[in-house]
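Take a look at the structure set out below.
The values are calculated or read from the model by the stated rules, or taken from the named source; none is laboratory data. It should be emphasised that the depicted structure is a prediction, and the values quoted were computed from it without experimental measurement. For neighbour counting, all protein chains shown are included, and Cβ atoms are generated from backbone atoms with ideal geometry for every residue, glycine included. Accessible surface areas use protein heavy atoms only, side chains included; no ligands, DNA or RNA. Shrake-Rupley method; radii C 1.70, N 1.55, O 1.52, S 1.80 Å.
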Amino acid sequence: MADTINNNDKAILTLPGHEPVALPIVRGTAGDPAIDITSDLRKNTGYVSLDYGYHNTASCQSAITYLDGEKGILLYRGYPVEELAEKSRFIDVAYLLINGHMPNKQERLEWSSLLNRHSLIHEDMRHFFSHFPDGAHPMAILSAMVVSLSAFYPEVSQNALGTEAINIAATRLLSKVRTIAAFSYKKSIGEPVVHPRHDLRYCANFLNMMFSSPVAPYEFKREVIRALNTVLIVHADHEQNCSTSAVRAVGSAHVNLYAAVAAGICALWGPLHGGANQKVVEMFEDILARGETARQAIERIKREKKLLFGFGHRIYKTYDPRAKIVKKSCMELLDKMHIDDPLLATMLEMEELATHDDYFLSRHLYPNVDFYSGVVYRAIGIPKEMFTVMFALGRLPGWIAHWMEALDDPRFKLQRPRQVYVGPSLRHLTDDECYYGDQMKV
Ligand code: CMC
């Protein structure tokens with residue numbers, strides 16, 4: 001955990017009928033300072049704070065990821081995401097997020113071998129896949145399978161939170177979710193599953209499980225593996241986003257890691273969060289099917305006050321740095337593979353129009369990470385129903401790192417917000433409303 005710079009600054013809060021209250025100011029190593037109301041506000045004043053959507057509220061102190069939404073900066077453990085995307089592999093970034101430092105040569109070998117060791121899923125779990133209905137959304141399958149891991153690997157289920165048990169659970173998740181994701185795809189297309197191989201690295205192994213078949217082995221392409229590493233890296237963490245907050249909130253009840261991560265997967269599925277990547281491609285397919293130009297589509301979205309999926313972000317009020325990385329990776333991949341994706345030209349035109357249109361500019365709406373990621377996945381051959389699963393695979397290290405950090409934080413508590421009650425005042429049941437009374441109804 002990063003040190004808090006405590007210089008005994010206080011914020012003075014004046015409320016009607018109360019003596020002024022001095023509240024501690026907490027300064028991190030970067031970013032906005034916070035007024036700490038944890039212990040003093042309600043106790044000393046009887047007031048609570050109200051902050052819909054947590055626009056102004058920090059829920060914890062964290063040393064994992066820093067992001068500056070005004071400047072478009074994103075750092076994992078201090079390293080710029082651009083540098084990591086350019087020079088690292090996804091599994092090394094996963095190690096960094098979980099352990100706090102980049103792996104050295106020895107740690108890298110051990111990490112790879114651990115990931116390999118845990119890549120198979122229990123044979124009984126494999127049978128689950130056959131019992132989901134055809135067309136089941138892969139996120140429904142993924143969340144169910146991840147929570148099921150706690151039944152098959154219960155060591156961390158009973159809160160046996162020893163470091164070794166936690167590390168094994170974390171590695172198991174990273175390795176097995178990749179296998180589960182590929183198996184759920186194979187199930188959806190009615191093909192036999194392809195098992196993980198110890199001779200392949202993380203991303204290559206995933207691609208092989210997805211696309212190899214008994215009749216045709218998968219042909220590895222360096223640029224595809226590179227692009228997959230890049231998109232997974234940019235998704236790897238994003239501090240207190242909706243799904244990570246879900247993992248922390250559910251984890252605060254001391255449930256096991258698998259259950260907390262399954263909650264994160266469910267939160268991610270929503271179209272305002274990770275589900276936006278599928279929505280973006282569906283939106284552009286719809287635009288092409290309507291025969292609309294980019295300009296007509298923009299005007300319709302504005303007129304009907306619809307969402308331009310892949311645009312906007314709670315924190316970024318400028319271009320999302322991840323979107324820049326994904327866009328570059330997307331252009332390079334399509335170029336190297338000689339792919340002419342019909343969606344891309346409209347997307348580029350739409351971006352150009354929207355980023356010069358007052359409607360979007362005045363609302364600080366710019367492309368986010370999901371705008372171009374779908375085109376990368378399409379070029380790799382991943383169907384749109386699997387896009388959010390890909391996001392989940394990328395976000396896993398972040399969820400795990402936050403779950404671990406939270407449990408290690410002596411100030412971390414059961415998350416239980418207050419509310420401002422606006423319902424009816426005290427009232428009593430009328431005779432007609434009673435079920436049990438003088439005369440028992442049958
Ligand atoms: N298209 C059109 N208008 C938008 C959009 C958009 N994508 N996003 C926000 N607005 C409008 C919104 O209607 C509101 O307008 P008005 O002031 O007239 O009422 C204004 O901009 C402010 O929006 P908000 O809803 O208060 O902003 P928020 O911070 O609550 O929402 C968001 C953030 C991501 C939910 C939203 O921008 C959105 O729904 N975007 C589309 C979905 C999307 O791409 N999500 C992926 C986010 S990045 C991946 C991740 O980390 O989750």
Only one of (1) within 21 Å of the chain's Cα centre (by Cα); (2) open to solvent by 20 Å² or more (accessible area, probe 1.4 Å); (3) away from the ligand (no atom under 11 Å from the Cβ) is not met by residue 328, so which one is it? (1)
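When only residues in the range 280-292 that are of a type outside the set (A, V, I, L, M, F, W, C) and in contact (Cβ under 8 Å) with a residue 40 or more places away in the chain count, which is nearest to the ligand (Cβ to nearest atom)?
Step one: of the range 280-292, the residues of a type outside the set (A, V, I, L, M, F, W, C) are 282, 285-286, 290-292.
Checking which are in contact (Cβ under 8 Å) with a residue 40 or more places away in the chain leaves us with 282, 285.
Working: 282: 12, 285: 16 Å.
The extreme case among them is 282.
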Quickly run through the range 279-302 and pick out the residues that are part of a helix (DSSP H, G or I), farther than 19 Å from residue 365 by Cα and open to solvent by 10 Å² or more (accessible area, probe 1.4 Å). 282, 285, 286, 288, 289, 290
Output yes when any residue across the range 163-177 is within 23 Å of residue 388 (Cβ to Cβ) and open to solvent by 30 Å² or more (accessible area, probe 1.4 Å), and no when none is. no
Cβ-Cβ under 8 Å, sequence separation 6+ or interchain: first residue in the range 31-55 and more than 21 Å from residue 315 (Cα to Cα) and open to solvent by 60 Å² or more (accessible area, probe 1.4 Å), partner of a type outside the set (Ser, Thr, Tyr) and assigned to a helix (DSSP H, G or I). Which pairs? 47/41
Counted residues in the range 334-351 being open to solvent by less than 40 Å² (accessible area, probe 1.4 Å) and either near the ligand (Cβ under 10 Å from one of its atoms) or under 18 Å from residue 309 (Cβ atoms) (or both) come to 7
Sort out which residues of the range 257-278 are open to solvent by 20 Å² or more (accessible area, probe 1.4 Å) and not in a helix (DSSP H, G or I), and write them in order of number. 269, 270, 271, 272, 273
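Would you tally the residues in the range 296-315 being out of contact with any strand residue (DSSP E or B) (no Cβ under 8 Å at 6 or more places or on another chain) and either more than 8 Å from the ligand (Cβ to nearest atom) or touching a residue at least 40 places away in the same chain (Cβ under 8 Å) (or both)? Walk me through it before giving the result.
At the first step, the residues of the range 296-315 found to be out of contact with any strand residue (DSSP E or B) (no Cβ under 8 Å at 6 or more places or on another chain) are 296-309, 312-314.
Adding the requirement that they be either more than 8 Å from the ligand (Cβ to nearest atom) or touching a residue at least 40 places away in the same chain (Cβ under 8 Å) (or both) leaves 296-300, 302-304, 308-309, 312-314.
Total satisfying the criteria: 13.
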Mind listing whichever residues of the range 352-382 are under 16 Å from residue 283 (Cβ atoms), surrounded by 18 or more Cβ atoms within 10 Å (Cβ to Cβ) and more than 12 Å from the ligand (Cβ to nearest atom)? 375, 377, 378
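Somewhere in the range 275-285, is a residue of a type in the set (Lys, Arg), at pLDDT 95 or above and under 23 Å from the mean Cα position of the chain (by Cα)?
Quick first cut of the range 275-285, residues of a type in the set (Lys, Arg) only: 279.
Applying the additional criterion that residues be at pLDDT 95 or above yields 279.
From the residues that got through so far, the ones that are under 23 Å from the mean Cα position of the chain (by Cα) too are 279.
Yes: one or more hits.
Let me confirm something: among 260, 267, which residue is away from the ligand (no atom under 12 Å from the Cβ) and either at pLDDT 95 or above or not assigned by TED's automatic domain parsing to the domain that holds residue 173 (or both)? Break it down into steps so the answer makes sense when it comes.
Details: 267 fails: away from the ligand (no atom under 12 Å from the Cβ).
Just one listed residue meets the conditions, 260.
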Please state which one of 424, 397 is more than 16 Å from the ligand (Cβ to nearest atom) and at pLDDT 95 or above. 424
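Within the range 44-66, can you find the residues that are touching a strand residue (DSSP E or B) at 6+ places or on another chain (Cβ under 8 Å) and over 30 Å from residue 204 (Cβ atoms)? Spell out how you get there, then give the answer.
First, the residues of the range 44-66 that are touching a strand residue (DSSP E or B) at 6+ places or on another chain (Cβ under 8 Å): 44-45, 58, 61, 64-66.
Of everything in the range 44-66, those that are touching a strand residue (DSSP E or B) at 6+ places or on another chain (Cβ under 8 Å) and over 30 Å from residue 204 (Cβ atoms) turn out to be 44, 45, 58, 61, 66.
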So, in the range 66-87, exactly how many residues are open to solvent by 20 Å² or more (accessible area, probe 1.4 Å) and under 20 Å from the mean Cα position of the chain (by Cα)? 9
Within the range 115-128, identify whether any single residue is out of contact with any Lys or Arg (no Cβ under 6 Å at 6 or more places or on another chain), crowded, with 20+ Cβ neighbours inside 10 Å, modelled with pLDDT under 95 and among the β-branched types (Val, Ile, Thr), and answer yes or no. no
It is to be established whether one or more residues within the range 64-78 are within 23 Å of residue 413 (Cβ to Cβ) and either assigned to a strand (DSSP E or B) or assigned by TED's automatic domain parsing to the domain that holds residue 364 (or both). yes
